[in-house]
Structures are given as structure tokens and as C-alpha cells.
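Chemist: This is the structure, below, for whatever I ask next.
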Amino acid sequence: MIKASGLKHRLHGITFSILRTGSLLLSLLLSTAPVLGDSPSAMYSPYDWAFVRLDNSRHEKVEQLRRFCDRIHDLAARARDDDVLLRFFELNAKCYALRQSGSPPEEFTRKTTEFRKAFNEYYIQNWLAFYDILFVDRSGTVFYTIRRDANYEQNLFEGPPSQSPLAKCLKEVPEGEAFVDFCFYESSGEPAAFLVEPVHIRGEHQGWMVLQCAINKINSIFAGSETLGETGETFLVNHQGYMLTESSFEGQSTILEKKLSNDNVQAKFHDGKGHRRVTDYRGFAALTSFEVVEFLGTSWLVVAKVDEAQVTTEHYKQHRHYYADRIVEHLSAMPTGGTREEFPTDDRKTIRVDMDEFVKADHGEILKTLGVSTCTAIVATYPGKFGYLAHISPLDRIYGTDGSNLLGHVTKKIRTYDIYKYERRRVRFVIVVRHFDSLINTVDKLVDDGFLLSQISVLYHPEARCANVTYDYSQDRISVEWVFDQPQTAVCIHHGDDGRDLATIVRTSMGE
């Protein structure tokens, strides 16, 4: 005979397996979606498939989070009825009271020390899921803790500790269990949450056992979202909009530090579950799948997210020839237009970049190359970190030859030496050409090296005889001087921001 709880667990596992299999089947359908020649099928949008992946990742994290919460909740419920814990609570309360009134008897102190040593092993074997256990009396005094952090023998109802969420919870004298959501806890020097269990001895309420949960337990659940690609991640957000897990794309901790847009967060809490296209906390357009998880009166938001630009780039890579033609058609129909004012110059040193050469700037330099005609100029920048200017001749690999590989050298230096992986999204490329001989090979090289179409823009002017390109590192400014044969239009100035964004071109071709 199968117990009800066991049957429920098996059914839950079967349901999850079905959902996961369904997602895998959808992914398989994606990889085998019919195409008309090289044209992508219009049956499903690439964003539809992206939401399938996001749903799968979000569902997996929600299930892991719920299992973790169920486990610590069950442990906390066991704690309030554990005879060893209750005896230990009573012993330490008596020891603390004796110390307050004088020195406790030597024999009592010896036996208490022995009990504490034995209890430490009991804690490791049974309660190590909790970072610490605090024993608190009705007056708010922490008369014992396992780790003896700064809160040891501290009164939570007095001074600065009285303003903490834990103290505010205990002041309400909860007779049943209570939960204090993750907040920065001064005594342990890191964020923590607390399960509060009342202690009743011989029918009288003596205080509380406070079981402290470290944030790393939660963070480990959300670490790694490989199935979502380079820009994908899953994270947890509290009701105030603060992240409770580490971002995959920040160099410093985001836990209770990074606050998301209030409108975005509150709308998701209101909806409970669903999809949204948003501007994320880094300022990029993103697709999100979200779900609200409830735990002991606390609401959290589980979010799976991927950059919209990644979805567009992945779709381009699956249908390169089709979208290469669309890019060429768009640029041919709408070459870079308009004339901008020339940037003012100063007395700083200008470094000349010759053909088949690239130069890096990172200390205020001005880089300049002249006479880009049958060649290609590429500017790669990360404001405040570096800027590269390359002048690439038709003998290079981006022209389909077996010659030099200047762009490969530039991207290798950037990825290996100049940035951390999470910073890759901030690099910007501007391609300057008056022809299409190298353009698509250049784009393909960049996306194959892990960059996105949204990071690539093109300045194209087919009527020019050549281009002179200047990059000012200190101002992060790109200036292109197009030179013409006709005297009446001898020069036309463009800036880097005038370039055509390739992600926008591809999305337009997709009907977005």
C-alpha cells in the first residue's frame, strides 16, 4: 500500500517530468522548424521559443526553491518539539540567569560545558541546514547561540538591534511560528532570514528558538543558468524589488543591493505568473518569465531572463544567408545620411593607424586612420576601459582570403585581456565601409566570438571615395569623414551613433 504522501510525491515528480519533456519537445520542434529555402518559418516567433526556454528554467528554479523551503520548514517544526533542543534551551537559560546573579557552581559549569560540546555534534548531525540557532528569552535577550556571533548575550529589544526586522517580529510575541524575510543581519555581517519557533516548557512560554538561514543556501539554487545562453540568468526578488541572489553580470554583490524597477516588479507580483518584455536592471531589453512563490506570509518573485538581443542574434545565426541579404538590402536602401558637425580638436597626441594595423587606446589617446576605400575600418570600444581602431585591407580573412586575421586578434585581446566575461555585453563595434565585400564576414566573425548584433553598427556610404576615421578615447567619440570626388560635396561628417544597428535591421526583417 502506497502512503498518501509518497503517492503525492510520485505524482509531483511525474508532472514535472511531463512538463520538462514537453519543453524538450518544443525545443526539438524549434531545431527542426520548417524553412522555405533559407527563409525562417513564420509559424513561430523566435521569441516564442525563447519564452519556452525561460519557462522551463523558471519552473525548475521554482521547484528547487519550494523543496528547500519545505525542508527548512519541516526542520523548524521538528525543532520546537525536539527534547534535546528544549533541554538545551532550559539549561542555557538557567546558566545565563546564574551568571547574572553571581558565579554558577563549579560542578554546574562543568556539566554545562560537557553538554554544550555534545550538543555541537548533535547540531552538526541534525541542524546544520541552519547557519545558527539563537535562544532568546521573553525579555529579548539572546542568552545563547551556537556560533557565538556578536549577538551573543545581546538584548534585541534595546538600542540599534531593536529596529531590526527580527526584533520587530519578536516584540509582537508570536505564540506560533513566524518567518522573517532575508535582511542584512549585523551580527553575522551578511543577509539572513529567520524561522522563529516559540518555546513552551511545562506549559509556559519561555521565549523562542530562532533558526537562522544563510543567504548562500538560496543563492546556490539560482547559480548557473547555462541553458539560457550567455545573457540568461534566473534570480530571486523580494517584495520591495531587491535581488536576493547574485547577478551573473555584476562585478560586486547584488544581494539586497540591486533594486529593480518598482513598476516592473509590482506588476509581476500583481500578475502572479507570466511573461513580460522589460528593460532590465542593466538597461537592456529583455524577455522574462516570472512566478510568485509564497512562504509563511512572505512573497518572492522568481525571474528567468534573457536579453532580447541574444534571441535575435541566435535567430540570425540559424538563418545567416537569409538575414545577410536583408542587411545588405536595408543598408543599400538607406545608407548613412545627413551631415554632422565635426568634433572640435585639441593638442593631444594623435596616433596614426596604418593599413593592416590595429592600435589600442586606453590613456586618452586619439586614434586616426586615413583613406579607407576598398579596405574596412572597425572601431571596438568599451567606454572607460579601451578603444581599438583597425584598418583592414582586402588581403584579410574578412574578405574571404587566407591572409591576415586582424579582427580575430582584436576580439581575442578583448575577450582574454581587457574584460571579464560578464562585461562582454558592454563592448561596442562600429564598422565603417563603402562596400559590402567584407561586411557579412565581419558580422559573422563577431557573433561567432560571442558578441551580439545589438553591439554592432555600420556606417556605410557607397558614394564616397574613401573615409578618414578618428576615435577619441577620452571622449569616447567616433568621427568619420567621408571624402568625395565631387568638389561641391568634398566632405561629409558622421558620428559613431549614426551607424545602423544590425539587431534592429534583423528584427525589422522578422516583422517585429
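Chemist: If Val328 satisfies every condition in (1) under 30 Å from Tyr242 (Cβ atoms); (2) at pLDDT 95 or above but one, which is the exception?
Modeler: Going through the list (1) under 30 Å from Tyr242 (Cβ atoms); (2) at pLDDT 95 or above, Val328 breaks only (1).
Chemist: While we're looking at this one, here's another question. Restricted to region 285-316, and to residues that are buried (at least 20 other Cβ atoms within 10 Å of the Cβ) and among the aromatic types (Phe, Trp, Tyr), which residue is farthest from Val447 (Cα to Cα)?
Modeler: Only one residue tops the list, namely Trp300.
Chemist: What pairs come up if the first residue lies in region 351-364 and is of a type outside the set (Asp, Glu), the second is in a strand (DSSP E or B) and open to solvent by 60 Å² or more (accessible area, probe 1.4 Å), and their beta carbons are under 7 Å apart, counting only those six or more places apart or on different chains?
Modeler: If the second residue must be in a strand (DSSP E or B) and open to solvent by 60 Å² or more (accessible area, probe 1.4 Å), the pairs left are Arg352/Lys368; Val353/Lys368.
Chemist: Of all residues in region 409-432, count the ones that are touching a residue at least 40 places away in the same chain (Cβ under 8 Å) and open to solvent by less than 10 Å² (accessible area, probe 1.4 Å).
Modeler: Counting residues in region 409-432 that are touching a residue at least 40 places away in the same chain (Cβ under 8 Å) and open to solvent by less than 10 Å² (accessible area, probe 1.4 Å) gives 7.
Chemist: Restricting attention to region 326-349, does a residue exist that is of a type in the set (Asp, Glu), under 26 Å from Val506 (Cα atoms) and in contact with a Pro (Cβ under 9 Å, 6 or more places away or on another chain)? Please lay out each step first, then the result.
Modeler: So the first thing to find is which residues in region 326-349 are of a type in the set (Asp, Glu), and the list is 329, 341-342, 346-347.
Remaining after also requiring under 26 Å from Val506 (Cα atoms): 329.
From the residues that got through so far, the ones that are in contact with a Pro (Cβ under 9 Å, 6 or more places away or on another chain) too are none.
Checked region 326-349: no residue is of a type in the set (Asp, Glu), under 26 Å from Val506 (Cα atoms) and in contact with a Pro (Cβ under 9 Å, 6 or more places away or on another chain).
Chemist: Pick from Thr227, Thr234: which is of a type in the set (Val, Ile, Thr), touching a residue at least 24 places away in the same chain (Cβ under 8 Å) and surrounded by fewer than 22 Cβ atoms within 10 Å (Cβ to Cβ)?
Modeler: Only one candidate passes the filter, namely Thr227.
Chemist: Would you check which residues across region 47-102 are closer than 27 Å to Val210 by Cα, of a type in the set (Val, Ile, Thr) and within 28 Å of the chain's Cα centre (by Cα) and list them?
Modeler: If the condition is that a residue be closer than 27 Å to Val210 by Cα, of a type in the set (Val, Ile, Thr) and within 28 Å of the chain's Cα centre (by Cα), then Val62, Ile72 are the ones that fit.
Chemist: Can you tell me which residue is most open to solvent (accessible area, probe 1.4 Å) among those in region 117-153 that are in contact (Cβ under 8 Å) with a residue 12 or more places away in the chain, hydrophobic (A, V, I, L, M, F, W, C) and more than 16 Å from Leu91 (Cα to Cα)?
Modeler: Among those residues, the one meeting the criterion is Ala150.
Chemist: Identify the single condition in (1) more than 29 Å from Glu291 (Cα to Cα); (2) free of Cβ contacts under 8 Å to residues at least 40 places away in the same chain that Ser220 does not satisfy, given that it satisfies every other one.
Modeler: The failed condition is (1).
Chemist: When Val136 is evaluated against the numbered criteria (1) part of a helix (DSSP H, G or I); (2) within 24 Å of Val180 (Cβ to Cβ), which criterion, by number, is the only one it fails?
Modeler: Going through (1) part of a helix (DSSP H, G or I); (2) within 24 Å of Val180 (Cβ to Cβ) one by one, Val136 breaks only (1).
Chemist: I would also like to ask the following. Does region 146-165 hold any residues that are under 17 Å from Ala97 (Cβ atoms) and outside any loop (DSSP other than H, G, I, E, B), and which are they? I'd like the intermediate steps shown before the answer.
Modeler: First pass over region 146-165, keeping only residues under 17 Å from Ala97 (Cβ atoms): 152-155.
Within region 146-165, just Asn155 meets the criteria.
Chemist: So which pairs qualify, if the first residue must be in region 248-270 and closer than 18 Å to Asp307 by Cα and open to solvent by 50 Å² or more (accessible area, probe 1.4 Å), the second must be in a loop (DSSP other than H, G, I, E, B) and charged (D, E, K, R), the Cβ gap must be under 6 Å, and the two must be at least 6 apart or on different chains?
Modeler: Close Cβ pairs satisfying both conditions: none exist.
Chemist: It is to be established whether one or more residues within region 374-396 are touching a residue at least 40 places away in the same chain (Cβ under 8 Å), acidic (Asp, Glu) and either open to solvent by less than 60 Å² (accessible area, probe 1.4 Å) or part of a helix (DSSP H, G or I) (or both).
Modeler: yes
Chemist: Scan region 441-492 residue by residue and report those that are under 39 Å from the mean Cα position of the chain (by Cα), of a type in the set (Phe, Trp, Tyr) and in a strand (DSSP E or B).
Modeler: Within region 441-492, Tyr460, Tyr471 meet the criteria.
Chemist: Show me the strands (runs of 3 or more DSSP E) entirely contained within region 235-343 in which 1 or more residues are among the aromatic types (Phe, Trp, Tyr).
Modeler: Details: elements: 273-279, 285-295, 298-307.
Those strands (runs of 3 or more DSSP E) span 285-295, 298-307.
Chemist: Additional query: Considering only residues that are surrounded by 15 or more Cβ atoms within 10 Å (Cβ to Cβ) and not in a helix (DSSP H, G or I), which ones fall in region 89-106?
Modeler: Passing the criteria: only Pro104.
Chemist: Those residues that are crowded, with 16+ Cβ neighbours inside 10 Å and of a type outside the set (Val, Ile, Thr), I need them from region 195-206; list them, please.
Modeler: First, pick out the residues of region 195-206 that are crowded, with 16+ Cβ neighbours inside 10 Å: 195-199, 206.
Answer for region 195-206, where residues must be crowded, with 16+ Cβ neighbours inside 10 Å and of a type outside the set (Val, Ile, Thr): Leu195, Glu197, Pro198, Gln206.
Chemist: Is it fair to say Met209 is closer than 30 Å to Arg425 by Cα and either crowded, with 19+ Cβ neighbours inside 10 Å or not hydroxyl-bearing (Ser, Thr, Tyr) (or both)?
Modeler: Values: closer than 30 Å to Arg425 by Cα: no; either crowded, with 19+ Cβ neighbours inside 10 Å or not hydroxyl-bearing (Ser, Thr, Tyr) (or both): yes.
No: the conditions fail for Met209.
The values are calculated or read from the model by the stated rules, or taken from the named source; none is laboratory data. All values derive from a computational prediction rather than experimental measurement. For neighbour counting, all protein chains shown are included, and Cβ atoms are generated from backbone atoms with ideal geometry for every residue, glycine included. Calculation scope for accessible area: heavy atoms of the full protein, side chains included, ligands and nucleic acids excluded. Shrake-Rupley method; radii C 1.70, N 1.55, O 1.52, S 1.80 Å.
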